[in-house]
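See below for the structure under consideration.
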Amino acid sequence: MLAAAEIRNFAAMMNEQTRRFISEHADDNIRLLALQGDKYAGVDLPLALDQIAGRQVARRKLPAWAAIEGIVYPPHLSMEQCSSEQTARYKAVLAASLLARDGVVSGSCAGNPVFVDLTGGFGVDFSFIAAALKTEEEEGCVYVEQQQHLCELVRHNLSLLGLSGSTVVCGDGVDYLHRLHRAGIIFLDPARRDAHGGRTYSIQDCTPDVSGLCDELLEKGLFVMLKLSPMLDWRKAIGDLRGTCEVHILSVGNECKELLLVLSAQKKGALRIFCVNDADTFTFSYEDKDASAAPSGLLSADAASFSVLRDSFLYEPNASIMKAGCFAQLCRQFEVRSLHPNSHLFVASSLISDFPGRRFKIRNVSTMNKKELKKVMSGLSKANVSVRNFPIGAEELRRRLKLKDGGDTYLFGTTLADKTHVLLFCQRADNP
């Protein structure tokens, strides 16, 4: 791990051999380089390897940072755990919209900070949010972190990112909160590992315990933004934290990455849920009486239903909607029908181009009956196999059907409302 003094004098401490080594081996395998350390006299190998590995991860997760020479990267684990640029930009847009919505002018918050990050870490979220708020006051955006080496690293990087006016505070975030008078937005990303390094998912088990700080956070922050584990039950979270006015479930590439809660003491109206996956956003108002309701399955395995299914369109919700469990709202908004309350697959007679998930054209339908399968699978040697609410897994189904993986056919093993197991043979229908 880089020491604080090393980071502070980063430019001065890196000799020409180390700088050249980083440049020449920017795309090389880190493990192989580490094994060949004796070959490179004069090279600060630990420093060089951290920076090569960091930039390799940044190209994927933080391309805007990777394009800037001189950014200092932490050890590999910290890079893998930090926010991606895509989710950080989303939070930055959200933060700016919250303040604009409430009439707070960026750069002016009655002498108090516009934005305070109490759990600064590597500073990815802080840097994107601070840049979006464009505050010009000396303490307009405040980064708080108790680890000295991270504070020095972030101070160095913020200067390269054009955010040298931000305030870096080395100290405990909870202590800083106790001293804070007011702020526009208070942001926290509680640590999700216990003293033994094990993952924790309950709010009460994270550090700091936000549920115990909730009253003070709402008193001092116009808005509070909480970044939580995607494994957390969002319904339990809003029950544990009063003042929750928005829930944002963020997915990237159909993988759920973050659960983001917005709290405010001035909460007005119904709680809003935002299911976000890349460019798709599905929103709905949360009502206790029906928010978790599942739509009834409509189709059984009779000949009429099979006829309806053939040449209709199949819809598979994205990861954020699956996490939200908002299937009744999905059916109402897009006028799709559920195959079964637990299958989470939906059908409609026409293509819905803005459906938030994958879209397929159903070409054929079959039960697991051997005669039926022989007829519908004639000439089919490979398929992309998935299962939803089906008695066997995808690999076992592929093995039984003697199919190779891949091709243009998408095969779903699922269950209809009358508990009949069926196979849906589909093709992608992403474009009208």
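The values are calculated or read from the model by the stated rules, or taken from the named source; none is laboratory data. Computed from a prediction, not measured in an experiment: that's the story for all the values here. Please note: Cβ atoms are built from the backbone with ideal geometry, for glycine as well, and neighbour counts cover all protein chains shown. Calculation scope for accessible area: heavy atoms of the full protein, side chains included, ligands and nucleic acids excluded. Shrake-Rupley method; radii C 1.70, N 1.55, O 1.52, S 1.80 Å.
If you sort Leu163, Leu345 by accessible surface, 1.4 Å probe, largest first, the order is Leu163, Leu345. Nonpolar atom fraction for the chain, defined as the carbon and sulfur part of the 1.4 Å probe accessible area, stands at 49 percent. Just to confirm a number: summing +1 for Lys and Arg and -1 for Asp and Glu over residues other than Thr281 whose beta-carbon lies under 13 angstrom from that of Thr281, what do you get? With Lys, Arg at +1 and Asp, Glu at -1, the net is -3. Beta-bridge orientation, the chain: approximately 60 percent antiparallel, per DSSP, counting only bridges with both partners inside. Across the stretch 147-242, Cα-Cα distances exceeding 17 Å account for 60% of all pairs.
Give the Debye-formula value of log10 I(q)/I(0) at each listed q (0.18 Å⁻¹), with one equal scatterer per alpha carbon of the stretch 334-386, two decimals each. So the normalised log intensities are -0.80.
Net charge in the neighbourhood of Ala88 (other residues with Cβ under 12 Å of its Cβ; Lys, Arg +1, Asp, Glu -1) is 0. Listed by chain and number, the aspartates and glutamates whose C-alpha is less than 17 Å from the C-alpha of Lys402, apart from same-chain residues fewer than 8 away, are Glu372.
The magnitude of the dipole of the stretch 314-432, with charges of +1 and -1 set on the Cβ of Lys/Arg and Asp/Glu and taken from the Cα centre, is near 480 debye.
His181 sits with roughly 130 Å² accessible to a 1.4 Å probe, with DNA, RNA and ligands left out of the calculation. Note on exposure: Thr281, Thr367 ranked by accessible area (1.4 Å probe, complete protein assembly) read Thr281, Thr367, with the most exposed listed first.
Excluding ligands, DNA and RNA, the accessible surface per residue across the chain is 47 Å² with a 1.4 Å probe.
Note on the chain: dipole from Cβ charges, positive end direction compared against Leu226, Leu380, His248; the farthest Cα belongs to Leu380. Where (i) 20.8; (ii) 25.0; (iii) 18.8 are the candidate values, the label of the one calculated here for mean projected area of the Cα convex hull in nm² is (ii). Residues Met231, Met322, Met225 ordered from highest to lowest accessible area at a 1.4 Å probe: Met231, Met322, Met225. Straight-line cross-link partners of Lys236 among the aspartates and glutamates, defined as a Cα under 19 Å from its Cα and at least 8 positions apart when in the same chain: Asp189, Asp205, Asp209, Asp215, Glu246, Glu258, Glu287, Asp288, Asp290.
Percent of Cα pairs in the stretch 13-82 per distance bin of 5 Å, from zero to the largest separation: 3, 17, 31, 25, 15, 7, 1. By the helix-only formula, in which each DSSP H run with n ≥ 4 contributes -39500 (n - 2.57) and the sum is divided by residues, the chain has a 222 nm mean residue ellipticity of -9500 deg cm²/dmol. Here the chain is treated with +1 on each Lys and Arg Cβ and -1 on each Asp and Glu Cβ, and its dipole about the Cα centre works out to around 2260 debye. Note on Cys245: accessible area is roughly 20 Å² with a 1.4 Å probe, heavy atoms of protein only.
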